[in-house]
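Enquirer: Dropping a structure here in structure tokens format, bear with me for questions.
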Amino acid sequence: MSRLQFRPLLNFALVAAVAAGWASTATAGESRAYLHSYNLPSSGVALEGYCPVAYFAVDKPVKGKPGHASTYNGVTYHFVSGDAKQAFDANPKKYVPAYGGWCAFGMSIQDKFPVDPRNFKIVDGKLLVFLKNKDVDALKLWNKGNEKESTSKAAAHWRKVSG
């Protein structure tokens, strides 16, 4: 089987695994609805409440506090401190997750996958978040591929789906 014939089968198997594991990534009562193409739980808080600035400042996900919140493009973000909120407010484009908070790997194969905001990578100064459940770790799949090519494909698909 040629590589071209194999790729659609790989994508089908991956999408099936994502669908099977979707429920394991969501908490009870949570919706995977989105606003203006952004991936948001029903609470409307991006990144399930993790502070977007913390990914850059301490290289790990840290839960933000509702008392330190900002809204950008209709999406609410929580921050660990007033200083983090102030940094975000000064330059939100630096901190918002790429691809509307959808899984970067999913975008690279022209699909929308939910994310585990604890599964992330910063690439070229942009926060990328990835699916992770009992069946799939999309960050591992991303890291096995050509990152420059995957980033380009993800950006192209995001432009298409976000309008």
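The values are calculated or read from the model by the stated rules, or taken from the named source; none is laboratory data. The shown structure was predicted, so the numbers you read here are calculated from the model rather than taken from an experiment. Note: ideal-geometry Cβ built from the backbone for every residue, glycine included; neighbour counts use all protein chains shown.
Enquirer: Would you confirm whether or not region 104-114 contains a residue that is touching a residue at least 40 places away in the same chain (Cβ under 8 Å), touching a Ser or Thr at 6+ places or on another chain (Cβ under 9 Å), under 15 Å from L47 (Cα atoms) and in a helix (DSSP H, G or I)?
Expert: yes
Enquirer: Further question on the same structure: Would region 37-53 turn up any residue that is more than 17 Å from C103 (Cβ to Cβ), of a type outside the set (V, I, T), at pLDDT 95 or above and within 16 Å of the chain's Cα centre (by Cα)?
Expert: There is at least one residue in region 37-53 that is more than 17 Å from C103 (Cβ to Cβ), of a type outside the set (V, I, T), at pLDDT 95 or above and within 16 Å of the chain's Cα centre (by Cα).
Enquirer: If you check G64, G82, which single one turns out to be of a type outside the set (S, T, N, Q) and touching a Phe, Trp or Tyr at 6+ places or on another chain (Cβ under 6 Å)?
Expert: None of the others qualify; the one that does is G64.
Enquirer: For region 136-146, name all the residues that are surrounded by fewer than 16 Cβ atoms within 10 Å (Cβ to Cβ) and either charged (D, E, K, R) or in a helix (DSSP H, G or I) (or both).
Expert: K140, N143, K144 - these are the residues of region 136-146 that are surrounded by fewer than 16 Cβ atoms within 10 Å (Cβ to Cβ) and either charged (D, E, K, R) or in a helix (DSSP H, G or I) (or both).
Enquirer: Considering only residues of region 119-151 that are touching a residue at least 60 places away in the same chain (Cβ under 8 Å) and β-branched (V, I, T), which is nearest to A98 (Cα to Cα)?
Expert: Taking the candidates together, the pick is V129.
Enquirer: If you don't mind, there's one more thing I want to ask. Restricting the search to region 77-99, which residues are farther than 25 Å from S152 by Cα and within 15 Å of the chain's Cα centre (by Cα)?
Expert: Residue satisfying the conditions is Y77 alone.
Enquirer: Oh, and also: Whether any residue in region 45-57 is in contact with a helix residue (DSSP H, G or I) (Cβ under 6 Å, 6 or more places away or on another chain), more than 17 Å from W158 (Cα to Cα), of a type in the set (D, E) and in contact (Cβ under 8 Å) with a residue 40 or more places away in the chain is what I want to check.
Expert: For region 45-57, residues in contact with a helix residue (DSSP H, G or I) (Cβ under 6 Å, 6 or more places away or on another chain), more than 17 Å from W158 (Cα to Cα), of a type in the set (D, E) and in contact (Cβ under 8 Å) with a residue 40 or more places away in the chain: absent.
Enquirer: Out of the residues in region 38-66 that are among the β-branched types (V, I, T) and under 15 Å from D83 (Cβ atoms), which is surrounded by the most Cβ atoms within 10 Å (Cβ to Cβ)?
Expert: The extreme case among them is V53.
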